[in-house]
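Only one structure is covered here, and it is reproduced in the block below.
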């Protein structure tokens, strides 16, 4: 979800309809995965609500990512991933990931799957 949050953050200026289709597809795939595990409808609805709320919480936390210093970025990642070992610094990884997204167009990532 964290990768997808950065993806939407970077490409939010693109066609809202396409982004909504991607959003719907991702969460449909999560729902299908939960069903395949064997959860029932009531459990799926409860889990999906948790996942969607978690996702929107992630979006809120990374909204100002570009203006944060490395210490605050690291704290956000550690809190989101519940990292107990403070030596992991995935904030640098997500900075590089964000730059990779910014250096490519949305079409670069969806051109081969847009019709699926």
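The values are calculated or read from the model by the stated rules, or taken from the named source; none is laboratory data. No experiment lies behind these values; they were computed from the predicted model shown. Cβ coordinates were reconstructed from backbone atoms using ideal geometry, including for glycine residues, and neighbour counts include every protein chain displayed.
Residue by residue, here is whether (1) within 25 Å of residue 99 (Cβ to Cβ); (2) modelled with pLDDT of 95 or more holds:
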residue: 4; (1), (2): yes, yes
residue: 7; (1), (2): yes, yes
residue: 15; (1), (2): yes, no
residue: 30; (1), (2): no, no
residue: 33; (1), (2): no, no
residue: 36; (1), (2): no, no
residue: 44; (1), (2): no, no
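Could you list, in sequence order, all residues of segment 41-54 that are more than 15 Å from the chain's Cα centre (by Cα) and surrounded by 10 or more Cβ atoms within 10 Å (Cβ to Cβ)? Even if it seems obvious, please write down each step before you answer.
Within segment 41-54, the first condition is being more than 15 Å from the chain's Cα centre (by Cα), and the residues that meet it are 41-47, 49.
43, 44, 45, 46, 47, 49, listed by residue number.
With the structure loaded, tell me whether residue 103 is loosely packed, with under 10 Cβ neighbours inside 10 Å, without any contact (Cβ under 8 Å) to a residue 24 or more places away in the chain and farther than 20 Å from residue 1 by Cβ or whether it fails that test.
Values: loosely packed, with under 10 Cβ neighbours inside 10 Å: yes; without any contact (Cβ under 8 Å) to a residue 24 or more places away in the chain: yes; farther than 20 Å from residue 1 by Cβ: yes.
So residue 103 fits the description; yes.
From the list 59, 54, 83, which residue is closer than 17 Å to residue 3 by Cβ and assigned to a loop (DSSP other than H, G, I, E, B)?
Numbers: 59 fails: assigned to a loop (DSSP other than H, G, I, E, B); 54 fails: assigned to a loop (DSSP other than H, G, I, E, B).
From the options 59, 54, 83, the qualifying one is 83.
Can residue 86 be described as under 14 Å from the mean Cα position of the chain (by Cα) and either more than 27 Å from residue 111 (Cβ to Cβ) or at pLDDT below 90 (or both)?
Values: under 14 Å from the mean Cα position of the chain (by Cα): no; either more than 27 Å from residue 111 (Cβ to Cβ) or at pLDDT below 90 (or both): yes.
So residue 86 fails the test.
Please go through (1) at positive phi; (2) in contact with a helix residue (DSSP H, G or I) (Cβ under 7 Å, 6 or more places away or on another chain) for residue 73 and return the number of the only condition it doesn't satisfy.
Checking residue 73 against (1) at positive phi; (2) in contact with a helix residue (DSSP H, G or I) (Cβ under 7 Å, 6 or more places away or on another chain), the one that fails is (1).
So, in segment 86-97, how many residues would count as being surrounded by 11 or more Cβ atoms within 10 Å (Cβ to Cβ) and part of a helix (DSSP H, G or I)?
Step one: of segment 86-97, the residues surrounded by 11 or more Cβ atoms within 10 Å (Cβ to Cβ) are 88-95, 97.
Filter once more, keeping what is part of a helix (DSSP H, G or I): 90-95, 97.
Going through segment 86-97 one residue at a time, the tally reaches 7.
Output the number of residues of segment 2-40 satisfying the condition of being surrounded by 10 or more Cβ atoms within 10 Å (Cβ to Cβ) and on the phi > 0 side of the Ramachandran plot.
Residues flagged as surrounded by 10 or more Cβ atoms within 10 Å (Cβ to Cβ) and on the phi > 0 side of the Ramachandran plot within segment 2-40 amount to 0.
Look at segment 62-76 and say how many of its residues are without any contact (Cβ under 8 Å) to a residue 40 or more places away in the chain, closer than 11 Å to residue 95 by Cβ and part of a helix (DSSP H, G or I). Please lay out each step first, then the result.
Taking segment 62-76 first, the residues without any contact (Cβ under 8 Å) to a residue 40 or more places away in the chain are 64, 66-76.
From what's left, closer than 11 Å to residue 95 by Cβ: 66, 68, 70, 73-74.
Applying the additional criterion that residues be part of a helix (DSSP H, G or I) yields 66, 70, 73-74.
Looking only at that region, the number is 4.
State the number of residues belonging to segment 1-45 that are in contact with a helix residue (DSSP H, G or I) (Cβ under 8 Å, 6 or more places away or on another chain), closer than 27 Å to residue 77 by Cα and either in contact (Cβ under 8 Å) with a residue 24 or more places away in the chain or part of a helix (DSSP H, G or I) (or both).
21
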